[in-house]
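The values are calculated or read from the model by the stated rules, or taken from the named source; none is laboratory data. What you see is a predicted model; the values in this text were computed from it and never measured. Cβ: placed from backbone, ideal geometry, glycine included. Neighbour counts: every protein chain shown. Heavy atoms of the whole protein, side chains included, go into the accessibility calculation; ligands, DNA and RNA do not. Shrake-Rupley method; radii C 1.70, N 1.55, O 1.52, S 1.80 Å.
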Amino acid sequence: MTVPRFWRKIDNRYNLRGTRCGNCGTAFFPPRRICPGCRRDGSVETYDFEGRGEVITFTVIRAEPPSMDGQTPYVVAIIETPEGARFTSQLVDVEPDDVEIGMPVEATFRKIAEDGADGVIHYGVKFEPTARD
Ligand SMILES: [Zn+2]
């Protein structure tokens with residue numbers, strides 16, 4: 001999934017709501033209405049992800065879109081959950097050089113973007129490294 005598509009999908013990311021097939025247990029994000037494995041035998045229902053997963057790939061963004069002032073460089077990662085769904089999200093509270101494939105991460109509620117000098121502030125889910133004991 002490309003970064004621009006990520007920004008357009010922001011509503012779904014607000015509370016990590018996807019769907020899951022009640023027949024085979026496969027979870028989907030973005031939500032799907034039909035399970036490709038079960039087709040008409042599946043019963044797809046709303047499913048809220050716990051927000052844990054691991055980094056399967058990532059990109060360091062060094063160019064600065066106007067809405068991200070002061071935050072570059074930052075990391076956009078594809079995160080796979082234990083249910084097999086994939087999220088594209090910004091990683092926070094980590095230096096780009098410290099991000100690794102397989103790194104465990106969890107969802108956190110953060111400012112997503114700010115529209116203009118006195119504009120609307122959007123909040124949503126980003127991911128941060130899971131604290132290790
Ligand atoms: Zn299924």
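A few notes on this one:
- Count of residues meeting criterion [modelled with pLDDT under 90, open to solvent by 60 Å² or more (accessible area, probe 1.4 Å) and within 16 Å of the ligand (Cβ to nearest atom)] in region 40-73: 2
- Hits in region 14-31 - residues which are within 10 Å of the ligand (Cβ to nearest atom) and open to solvent by 40 Å² or more (accessible area, probe 1.4 Å): 20, 22, 23, 24, 26
- Contact annotation: residue pairs with Cβ atoms under 9 Å, 6 or more positions apart or on different chains, pairing a residue in region 26-50 that is more than 30 Å from residue 128 (Cβ to Cβ) with a partner that is acidic (Asp, Glu) and within 12 Å of the ligand (Cβ to nearest atom), are 35/41.
- Odd one out for residue 35 among (1) open to solvent by 20 Å² or more (accessible area, probe 1.4 Å); (2) in contact with a Ser or Thr (Cβ under 7 Å, 6 or more places away or on another chain): (1)
- Region 1-27, subset part of a strand (DSSP E or B) and modelled with pLDDT of 90 or more, residue farthest from residue 98 (Cα to Cα): 21
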